[in-house]
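I have placed the structure first, in the form of structure tokens, so that the comments after it can refer back to it.
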Amino acid sequence: MGALKMAVPRIAPAVPLRSPPHPRRGTAACLLAALVAAALPGCARDRRPVADGRYEPYENLLEIASDIQRHAHDNTYRFAAPRDPSGQNLHKASLIRLMNFEKVYPRRMPDTVAFLKGLCMERLHDYDGALGAFRQVAESDSPLRERAQAKLPVLAKFNDLAGYRIEKNNVGDYLTEMEFRLDRWRRLIEEVRGTPYEWLALEEEEKAEQHLAEFVAQNYLIVRNGAESALTLHRQLTVKHAASKNINIHYLNWADFCALLAKRYAQEKDPRSLDFDMSAFNKSADAAIRLYSLVAQKDGAEEKVQALGKLQSFNAYVARIQGESE
């Protein structure tokens, strides 16, 4: 199959990150706490002794709200999602607790519960669910009504972009649609810069750019200069998203593609034949080993064990190829 002549989209340069301003006292956080506190007399339960206090069931809505508010401005692009004492994703666990609270107290502070559910859902990238929760509050006479109404326009944009599906059979058209989607995410980042939504938009842009790099890598044989383009996209990912919590994943994906190129060369050129060029093989193999080693040396990184396994396996493969070529 002839190579397709098309321009592979490039990853836009990174923009320096700034922490969004925290709201002043007396805004949504204080208002929400006050609303929840008003319902405490009817929500409290008798305390029961437990073996480990960290796992004691949440006593009332205020405890759930305090966890959500404490992490409302976390930079989820740079840092991993917060965890509760049991190790679960805090926003997912809080959402489950809120749903359980609804079942036990179906008519108790429904607007506050809906608002808290919306906060959890947007952090879990469930923009459609968050829109539904905030609309429920916006259509009520709750003191949180204006806060919920203010969230609807930006969440509608997130929901539209997140739900955008590319349905193209041609590789060139698919790449064009991906670049169009990426451009819209970049515009949205500029619109929400300086707000907590900036981190969500950066996560979505990073996810889209990673998908682009992986798509070109998977189809590098039918894309013009596919191997070179895929390597460039992987390299741009590690440079632009150096501050991301997913940086080690980007390095591993880059290393995997370098390893694929080395194996592909060894399949096309028999290592035992005179056509095999060890320097050409080592060009990709050495790059893969260097990138695997980079992650394998990071103490405390979740991806370290995975990188060590990949490094040992690929080193064994390279040693076999070198032995056959001698």
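All of the numbers you see were taken from the coordinates with simple rules; none came from a lab. Owing to the predicted nature of the structure, the values given are computational and were not obtained by experimental measurement. Note: ideal-geometry Cβ built from the backbone for every residue, glycine included; neighbour counts use all protein chains shown.
Just a few scattered comments:
- Summarising the label geometry, the points placed 7 Å from Cα in the beta-carbon direction at R145 and K168 lie 4.6 nm from one another.
- Once backbone amide H atoms are built at 1.01 Å from N, V223 has L4 as its partners under 5 Å, excluding neighbours fewer than 5 places away on the same chain.
- For region 310-320, Karplus couplings with θ = phi - 60° (6.51, -1.76, 1.60), whole Hz, Gly/Pro x: 5, 5, 5, 5, 6, 4, 5, 5, 4, 4, 5
- Where labels lie 7 Å past Cα in the beta-carbon direction, separation of A80 and D128 in nm: 2.9 nm
- Rounded to the nearest Hz, the phi-derived 3J(HN,Hα) couplings of region 276-289 under the Karplus curve 6.51 cos²θ - 1.76 cosθ + 1.60 (θ = phi - 60°) are 6, 10, 4, 5, 5, 5, 5, 4, 7, 5, 5, 5, 5, 4, where x marks glycine and proline.
- Burial ordering of S273, S140, fewest other beta-carbon atoms within 10 Å first: S273, S140
- Candidates per trypsin sites (Lys or Arg not before Pro) in region 72-148, loop by DSSP, up to 11 other Cβ within 10 Å: R107
- The string of couplings for region 108-123 from the Karplus curve (6.51, -1.76, 1.60, θ = phi - 60°) is 9, 6, x, 5, 5, 4, 5, 5, 5, 4, x, 4, 5, 5, 5, 6 Hz, one whole number per residue in order, with x for Gly and Pro.
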